[in-house]
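What follows is one structure encoded as structure tokens, with my remarks underneath.
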């Protein structure tokens, strides 16, 4: 479910999702990982991988699945250990910095653009998506209890 939604958001906002200056609205979903648990971590990595197959940067962009996976696990793990909603802001910011460096380096290399500029563009775009959009969305979905719905669906599937 997570991977499908991620890919769908990439394609809906395709013009903003790829290139040297990008704002991946789909990265707002990274803040939802604590609600989805490990399935969210896997869903995020799968969504990034599938989306990056269509990247304007080519197949080299598939390598960015690795830091996306690692950082999505960090978001899940830190939240699970602390159960503090504000850790999502910190870990999503860390995710944005890591992706800023890895994606920024790749974009600088491919498009012969200044490294610092591409790092900043990607990191800022990620912060906008994951922190400014994602964190409030997380708070709303947590308040309405979506994590309980997901758990109930998982349990009922396991029982069958």
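Quick check on my filter: what residues within region 103-116 are surrounded by fewer than 17 Cβ atoms within 10 Å (Cβ to Cβ) and either in contact (Cβ under 8 Å) with a residue 60 or more places away in the chain or under 13 Å from the mean Cα position of the chain (by Cα) (or both)? 111, 113 - these are the residues of region 103-116 that are surrounded by fewer than 17 Cβ atoms within 10 Å (Cβ to Cβ) and either in contact (Cβ under 8 Å) with a residue 60 or more places away in the chain or under 13 Å from the mean Cα position of the chain (by Cα) (or both).
Of all the residues in region 61-78, those that are without any contact (Cβ under 8 Å) to a residue 24 or more places away in the chain and farther than 20 Å from residue 105 by Cα number 3. Among residues of region 118-148 being more than 16 Å from residue 24 (Cβ to Cβ) and without any contact (Cβ under 8 Å) to a residue 24 or more places away in the chain, the one that is surrounded by the fewest Cβ atoms within 10 Å (Cβ to Cβ) is 143.
Taken together, the values in this text are just the output of simple stated rules run on the coordinates, not laboratory data. Bear in mind that the values here come from a model prediction, so they are computed numbers and not experimental data. Note: ideal-geometry Cβ built from the backbone for every residue, glycine included; neighbour counts use all protein chains shown.
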